[in-house]
């Protein structure tokens, strides 16, 4: 088996069939698609079963349905049963771009030393839009251009959010070698990549970054964790507490406060910004916080406002619907 495609499904009845349709069109002959239905209260499970029944002739998609266990346990379950040499996971509200996934699989096949390959994503709010913003930009380019010793520190202080599982094809062995996802950390992509980037030193030798290869349409909607700033903040704090070296933690907590606190203020959520500040103070101590916050916050503000002044890159791409429905 060459490729295992894992689709964790939870409460995405509007989207999951689109994800399955596009996954089935990934041009890798020897592949399996495993949908793990994580106890959704909506009609996702019945829609998935109907899709599999209608497409029984391809015999590549199967459903695992059970009670809710959470995303990280679902990912580890998928990893434990995957038979493929390579492993691709896509959320049940996103749409894979078949040609991009095939390209990353071919790159891994032709470069046997690589543990994984990162492509890029196109952010979307509707399958029928025609212009999309790439999810990865200048901050990601700078990050992956850094030598290992600087990148290892910068991933705690200036991690280019987000880096997504669904833009990446892994060797299954790379994930199993680190024990899969840590179940004491809620974060799925952030914590996994922190652990991988801590171990793998050389871009182009240990792993590859190809931002010109678009692997999925990354759906933005009201249920995304990025829409829930407080939850996003706390999941990052949890990962930093578990994974960041002690000597770098204070600056990492402050950076997280600056990033998400500024967004909260821009949204007019002053009470939330105050709660995030209180949480940060609790982690690093009030006096040290006040002493260190000034330059860190100023640097972050200047960097963010300078990025706002740069022109945005827009990619014209055939609508995501064309990755699903073809005559």
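Bear in mind these aren't lab numbers, they're just calculated from the coordinates by the rules spelled out. Please read these numbers as outputs of a predicted model, since none were measured by experiment. In this analysis, Cβ positions are derived from the backbone assuming ideal geometry, glycine residues included, and neighbour counts consider all displayed protein chains.
Things worth noting here:
- Spin-label model distance (nm) - residue 62 vs residue 80, 7 Å beyond Cα toward Cβ: 1.5
- Gaussian network model of the chain, springs between alpha carbon atoms under 10 Å - residue of 92, 191, 279 with greatest fluctuation: 279
- Cut-off 18 Å, label 7 Å out along Cα→Cβ of residue 220, residues of the range 103-137 by amide N: 120-137
- Linear extension gain, residue 125 paired with residue 318, 0.36 nm per residue minus alpha-carbon span: 68.1 nm
- Cα-based equivalent ellipsoid of the range 160-268: semi-axis lengths in Å, sorted from largest, via gyration tensor: 25, 19, 14
- For residue 277 and residue 248, the difference between the fully extended length at 0.36 nm per residue and the C-alpha to C-alpha distance is 8.6 nm.
- The C-alpha atoms of the chain define a longest principal axis, and helix 71-81 lies at about 40 degrees to it.
- Computed label-point distance, nm, for sites residue 150 and residue 133 using a 7 Å Cα→Cβ extension: 2.6
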